[in-house]
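The values are calculated or read from the model by the stated rules, or taken from the named source; none is laboratory data. In this text the structure is predicted, and so the values were computed from the model without any measurement. Cβ sites come from the backbone with ideal geometry, for glycine too, and all protein chains shown count toward neighbours.
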Amino acid sequence: MAKYLKCVERYSTGGPVGEANWPKVGTTMVGHKRLKNIVNLLLDARAANVSGSYVECGVWRGGMSIFAKAAIEVYQMKRRVYLCDSFQGLPLPRSGSLRPDETVYTAQWVNDSLAKSEYIVTRNFGRHGVPMNGVRLVPGFFVNSLPKLRDQLKGRSERLALLRLDGDMYDATMDILYNLYDLVEVGGFVIMDDFGWAEGTNASKPSLWGAKNAVLDFRAVHKIEDHAHVFHNIDDAGAWFRKGREVTVRRRLYERGVEQGDYSALRPTPLLTAADYRRFRRKYDAHAARILPVTKVEQQS
Ligand SMILES: C[S@@+](CC[C@H](N)C(=O)[O-])C[C@H]1O[C@@H](n2cnc3c(N)ncnc32)[C@H](O)[C@@H]1O
């Protein structure tokens, strides 16, 4: 366990200096708990016989993806891996965006540190000795690349067991959900980075986390803000839920939004407020108190 922890510390920070959120040389920025979470959910999916692939949207230097693929290899699971990223950073909020204010990520210094090429990701797989068989890099901005990936997956009747969202912004998160959510198997997992457990619950402090706004809007519009889809906290930043049933995703409205630069039809009515965010959080917390925490990685070490 000590060796494993040291290894993970170096992996996420690049050195023995504690867990950094935005490491200068580390392979991932997600931190230890979110890394362990992906292994636990891969094991849960296997235990529940949920077949299908693993998709990560938002790859950066590849750290989370490499860790997930390593777990797939170690536990001899049969899962394809799709790693979707522009490999050149984040775009500005697009015309008609429901979060036009979300420009912080595209500031030059931020985007310089987020834009990592396919070469860097491939090189990092090699550096960590993790094979890339069954791994496909899907380059491009999600709004362009994910409809094509969707068509390919549907053409092969390929389903997803785990969908991991780490695209930071509102638009990116909507692109992922409207293109891929209905391909997730019932019983499969949707994992969110940048959820921010307490974010958006304070009326006097508007939420800055567009990814959280997007996933909660999507859940409200598709009427899945219920006990079957309750969110679980990972580390106050990341969170996940299990898909409880099939829903018809309003893809036509999304496609029309992309064509016409008008996403207003994707807004929940009424709009979600800080009071709704507080109510959801209380519901998730109450649910968490009733279930035992899963700590498979520790048990198996
Ligand atoms: C927070 S980083 C991902 C962190 C990574 N999962 C890790 O293990 O550290 C966000 C990534 O999402 C990508 N991204 C954000 N918005 C995107 C979009 N609309 N299309 C494609 N890639 C996007 C960025 O290029 C960046 O690599």
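Looking at the range 62-78, can you tell me whether even one residue there is in contact with a helix residue (DSSP H, G or I) (Cβ under 9 Å, 6 or more places away or on another chain), of a type in the set (Ser, Thr, Tyr) and within 18 Å of residue 123 (Cβ to Cβ)? Checking the range 62-78: at least one residue is in contact with a helix residue (DSSP H, G or I) (Cβ under 9 Å, 6 or more places away or on another chain), of a type in the set (Ser, Thr, Tyr) and within 18 Å of residue 123 (Cβ to Cβ).
The set of residues from the range 240-268 being surrounded by fewer than 18 Cβ atoms within 10 Å (Cβ to Cβ) and closer than 17 Å to residue 212 by Cα comprises 267, 268.
Being in contact with a helix residue (DSSP H, G or I) (Cβ under 7 Å, 6 or more places away or on another chain) and outside any loop (DSSP other than H, G, I, E, B) is the filter here, so list the residues in the range 80-91 that pass it. Those that are in contact with a helix residue (DSSP H, G or I) (Cβ under 7 Å, 6 or more places away or on another chain) and outside any loop (DSSP other than H, G, I, E, B): 81, 82, 83, 84.
Does the range 240-279 hold any residues that are aromatic (Phe, Trp, Tyr) and on the phi > 0 side of the Ramachandran plot, and which are they? Let's see the steps before the verdict.
Within the range 240-279, the first condition is being aromatic (Phe, Trp, Tyr), and the residues that meet it are 240-241, 254, 263, 277.
Answer for the range 240-279, where residues must be aromatic (Phe, Trp, Tyr) and on the phi > 0 side of the Ramachandran plot: there is none.
Using the structure shown, decide if residue 220 is at pLDDT 95 or above, more than 24 Å from residue 37 (Cα to Cα), in a helix (DSSP H, G or I) and in contact with an Asp or Glu (Cβ under 9 Å, 6 or more places away or on another chain). Taking the combined requirement at face value, the residue satisfies it. Across the range 115-132, the qualifying residues are those that are touching an Asp or Glu at 6+ places or on another chain (Cβ under 9 Å) and more than 17 Å from residue 25 (Cβ to Cβ), and the one among them that is farthest from the ligand (Cβ to nearest atom) is 131.
Being polar (S, T, N, Q) and modelled with pLDDT of 65 or more is the filter here; which residues of the range 4-28 pass it? If you could, list the steps in order and put the result at the bottom.
At the first step, the residues of the range 4-28 found to be polar (S, T, N, Q) are 12-13, 21, 27-28.
Matches in the range 4-28: 12, 13, 27, 28.
Residue 112 meets the conditions (1) within 12 Å of the ligand (Cβ to nearest atom); (2) among the acidic types (Asp, Glu); (3) closer than 25 Å to residue 241 by Cα in every case but one. The failed one is (3).
Would you check if residue 190 is buried (at least 20 other Cβ atoms within 10 Å of the Cβ), within 20 Å of residue 66 (Cα to Cα) and more than 17 Å from the chain's Cα centre (by Cα)? No; evaluated as a whole, the condition is false for this residue.
Are any residues in the range 95-113 assigned to a helix (DSSP H, G or I) and either crowded, with 20+ Cβ neighbours inside 10 Å or of a type in the set (Val, Ile, Thr) (or both), and if so, which ones?
Residues of the range 95-113 assigned to a helix (DSSP H, G or I): 104-106, 108-113.
104, 106, 110, listed by residue number.
Applying the criterion of being touching a residue at least 60 places away in the same chain (Cβ under 8 Å) and more than 16 Å from the ligand (Cβ to nearest atom) to the residues of the range 28-48, the residue that is farthest from the chain's Cα centre (by Cα) is 48. The set of residues in the range 236-275 that are within 17 Å of residue 192 (Cβ to Cβ) and over 20 Å from the mean Cα position of the chain (by Cα) contains only 272. Which residues, counting only those in the range 41-64, are surrounded by 20 or more Cβ atoms within 10 Å (Cβ to Cβ) and part of a helix (DSSP H, G or I)? Residues satisfying the conditions are 41, 42, 45, 63, 64.
Based on what the data block shows, is residue 166 within 24 Å of residue 190 (Cα to Cα) and more than 19 Å from the chain's Cα centre (by Cα)?
Values: within 24 Å of residue 190 (Cα to Cα): yes; more than 19 Å from the chain's Cα centre (by Cα): no.
So residue 166 does not fit the description; no.
Taking each residue of the range 194-212 that is in contact (Cβ under 8 Å) with a residue 40 or more places away in the chain and within 16 Å of the ligand (Cβ to nearest atom) and looking for partners that are part of a loop (DSSP other than H, G, I, E, B) and among the basic types (Lys, Arg) with beta-carbon atoms closer than 6 Å, six or more apart or interchain, yields 210/99.
What number of residues in the range 114-160 are surrounded by fewer than 18 Cβ atoms within 10 Å (Cβ to Cβ), touching a residue at least 60 places away in the same chain (Cβ under 8 Å) and in contact with a Gly (Cβ under 6 Å, 6 or more places away or on another chain)? Looking only at that region, the number is 1.
Matching residues to (1) without any contact (Cβ under 8 Å) to a residue 40 or more places away in the chain; (2) away from the ligand (no atom under 16 Å from the Cβ); (3) buried (at least 19 other Cβ atoms within 10 Å of the Cβ); (4) not in a loop (DSSP other than H, G, I, E, B):
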{"site": "3", "(1), (2), (3), (4)": "yes, yes, no, yes"}
{"site": "10", "(1), (2), (3), (4)": "yes, no, no, yes"}
{"site": "24", "(1), (2), (3), (4)": "yes, no, no, no"}
{"site": "66", "(1), (2), (3), (4)": "no, no, yes, yes"}
{"site": "78", "(1), (2), (3), (4)": "yes, yes, no, no"}
{"site": "93", "(1), (2), (3), (4)": "no, no, yes, no"}
